[in-house]
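In what follows, a single structure is set out as structure tokens and then discussed.
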Amino acid sequence: MKSEHKNAIVADKIATVILYCIAGFFLLLLAGFTAYIIVKGIMAYQPGIFSFERTGIGVELFNTVYLVLISLIISVPIGVGAGIYMAEYAKAGKVTNYLRICIETLSSLPSIVIGLFGYLVFIYMTGSKYNLFAGALAVSILSLPLLTTVTEDAIRAVPSIYKEGSLAVGATHWQTIVQICLPVAMPRIITGIILAAGRGFGEAAALLYTAGMSSNVNPNIWNPFDPMSLLCPFRPGDTLALHIWALKTESMTPNADQIADFSAAVLLVLIFAFSLGSRILGARLDRKMSGK
Amino acid sequence: MDKIKFDTKSLDLFYGDFQALKSINIKICENEVTAFIGPSGCGKSTFLRCLNRMNDLIDSVKMKGEIIFDDKDINGDIDVINLRTRVGMVFQKPNPFPMSIYDNIAYGPKCQGLKDKRKLDTLVKESLTKAALWEEVKDRLNKSALGLSGGQQQRLCIARTIAMNPEVILMDEPTSALDPIATAKIEDLMSSLKKDYTIIIVTHSMQQAGRISDKTAFFLMGEIVEFDETPKIFTNPNDKRTEDYITGRFG
Ligand SMILES: Nc1ncnc2c1ncn2[C@@H]1O[C@H](COP(=O)(O)OP(=O)(O)OP(=O)(O)O)[C@@H](O)[C@H]1O
Ligand SMILES: [Mg+2]
């Protein structure tokens, strides 16, 4: 009896140590990567690198943010809507099962396949040039399954006492969803949006044949309908991730490596800033609701 | 003879194959407090949830029989939303919404389309006053309701129900999560609400049923064994099983 108790304590200690080691290992790995990218990026800094000229990455940086924003504007309403449908309206049965299989399949498609599909449908069949909007659509397809699943789980996790309380004062199903379930589920949905945006920031393969690999803009044109304007979504535009890839593989520019290293660091900081911003927003929402 | 508010006629209810209510016949009178007592799992909550069609949320539920509210069968062709504004419900676990105290009360009326800020203000104040909570929260109406104590939260839920100006208030063990002082406050509240509302309460406390109710129904295994004036049930029940239960001699 006594020794069994001792064994349990020893086992508990060993398990704790092992788990700490695993966590520490990943933390170190992550810190290492981050430090490597940031340090190399800082060393590659050169004046004028943010410029909108050919040698700078200003246009690529803008394209990245712009493309992710457009794709979120498309995918968030659809993904969240689909998630709400799956959680609140879909009846258990054949159709729902079929839908679920579709979502799962979509989520495991390689992004190059989505890219080629995007090329076929958004470029070839519409007869247009590579453009940012087509890229945003391709990225939306990539992030839709994620947004749908996250929203469905988040809505299902809303305590049923809230829902019952709302229905009991005569609110309709829809009023309950919009005014009670969605706000409560919001912090988790925001996490999903961060992940979806992360896919957009880092995506390359899906953009190769949709948004294109180069940009040709004149930063002085502000009319968004002019295809040379930075603001026009219907123009070719390469994002940072794609730019890094292009620089590292086929660029003729003499300092291509430095620009690529710097771009990588900028991309990292961008993603970090975006996640941090959304998390702060989420935490603020959460605090407001829980009354602390 | 008091006016009858709810009149159920041989009501059977099934969860899938399991019969949770067996031929329930009960007449519930207006402006009275009716208590449901009985051992755990005997169907009290299930029956209570029939009265505002809360069981609609559970797919496996099947019902037979009639529940006449005023003069209409509520399982027939009626507007459920309208029914739920007329038959309010307070739950076992206080469940204020994660929003401000003010918004908690205003939520129901707003869902019904009331927008006038002045009317809403008055309604919030009136409801909180009736629920004996106004003095405690009047300075923090815009703070989250989740910051209130359990007893305050439950009174807020009562206020939320009152704000709909219902005819009936259903309460499912409303004080089981509260301490004796908070419980006493809610019991006082119920006696004062009785003149305006019909109250139906599920409780596990015989003392509570004895203190606050006019009539008591004893449930056992999905059936109503006995339904009568509360003093009669507690001093001189007709059925041996009722007597066993209230004297604590129950298996
Ligand atoms: N959603 C459900 N699905 C299947 N069976 C259920 C469901 N809800 C309740 N039951 C069953 O119906 C019976 C009555 O349950 P009910 O909740 O009405 O009891 P109760 O009298 O309120 O008990 P308690 O005093 O513990 O709250 C129980 O046997 C319970 O297991
Ligand atoms: Mg119950």
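Values computed for the structure shown
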{"read-out": "Length-normalised contact order for chain B - Cα pairs under 8 Å, 6+ apart - percent", "value": "27"}
{"read-out": "Sequence-distant residues sharing a close amide H with B:ILE201 (under 5 Å, placed H)", "value": "B:THR34, B:ALA35, B:PHE36, B:MET171"}
{"read-out": "Relative contact order (%) - chain A, alpha-carbon pairs under 8 angstrom, separation at least six", "value": "24"}
{"read-out": "Volume per residue that the Cα convex hull of the stretch A:51-289 spans, once the total is divided by residue count, Å³", "value": "146"}
{"read-out": "Gain upon complete extension [A:LYS129, A:VAL10; 0.36 nm per residue less C-alpha separation]", "value": "36.3 nm"}
{"read-out": "Gain upon complete extension [A:THR105, A:THR55; 0.36 nm per residue less C-alpha separation]", "value": "13.9 nm"}
{"read-out": "Rounded to 5, percent antiparallel among DSSP beta bridges of chain B", "value": "60"}
{"read-out": "Threshold 50 Å², the stretch A:137-176 residues less accessible with all protein chains present than alone (1.4 Å probe)", "value": "A:ILE161, A:TYR162, A:GLU164, A:LEU167, A:ALA168, A:VAL169, A:GLY170"}
{"read-out": "Backbone N within the stretch A:138-154 under 13 Å of label point (7 Å from A:ALA90 Cα along the Cβ vector)", "value": "A:145-154"}
{"read-out": "Note, ³J(HN,Hα) from phi for the stretch B:70-75, Karplus 6.51, -1.76, 1.60, rounded to Hz, x at Gly and Pro", "value": "6, 9, 10, 6, 6, 8"}
{"read-out": "Fraction of antiparallel bridges per DSSP, the protein assembly as shown only, in percent to nearest 5", "value": "60"}
{"read-out": "Difference of contour (0.36 nm per residue) and Cα-Cα distance, A:VAL113 to A:LYS248", "value": "46.3 nm"}
{"read-out": "Entries in B:LYS27/B:LYS72; B:LYS64/B:LYS232; B:LYS195/B:LYS215 that, when Cα-Cα distance is taken, lie over 19 Å", "value": "B:LYS64/B:LYS232"}
{"read-out": "Percent accessible area from carbon and sulfur atoms, the stretch A:1-43, protein chains only, probe 1.4 Å", "value": "80"}
{"read-out": "28 Å Cα cut-off, lysine pairs counted over chain A (separation 8 or more, or different chains)", "value": "7"}
{"read-out": "GNM result for chain A, Cα springs below 10 Å: residue of A:ASN218, A:ASN63, A:ASN97 fluctuating most strongly", "value": "A:ASN97"}
{"read-out": "Accessible area buried, both sides summed, chains B and A with 1.4 Å probe, Å²", "value": "1900"}
{"read-out": "Binned Cα-Cα distance frequencies in the stretch B:137-249 - 10 Å width, integer %", "value": "12, 40, 31, 13, 4, 0"}
{"read-out": "Inter-label distance for B:ARG241 and A:THR34, nm, one decimal - labels placed 7 Å from Cα along Cα-to-Cβ", "value": "6.6"}
{"read-out": "Computed [θ] at 222 nm, helices only, for the protein assembly as shown once each DSSP H run of length n ≥ 4 contributes -39500 (n - 2.57)", "value": "-17000 deg cm²/dmol"}
{"read-out": "Cα→Cβ-extended label distance, 7 Å offset, between B:ASP70 and A:ASP226, nm", "value": "6.8"}
{"read-out": "Viscosity 1.002 mPa s, temperature 20 °C, Stokes-Einstein D of the protein assembly as shown from Kirkwood C-alpha radius, µm²/s", "value": "76"}
{"read-out": "Cα shape, the stretch A:193-279, gyration tensor, a/c 1.5 rule", "value": "oblate"}
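The values are calculated or read from the model by the stated rules, or taken from the named source; none is laboratory data. Source: prediction; values computed, not measured. For neighbour counting, all protein chains shown are included, and Cβ atoms are generated from backbone atoms with ideal geometry for every residue, glycine included. These area figures cover heavy atoms from the full protein model, side chains too; ligands, DNA and RNA do not enter into them. Shrake-Rupley method; radii C 1.70, N 1.55, O 1.52, S 1.80 Å.
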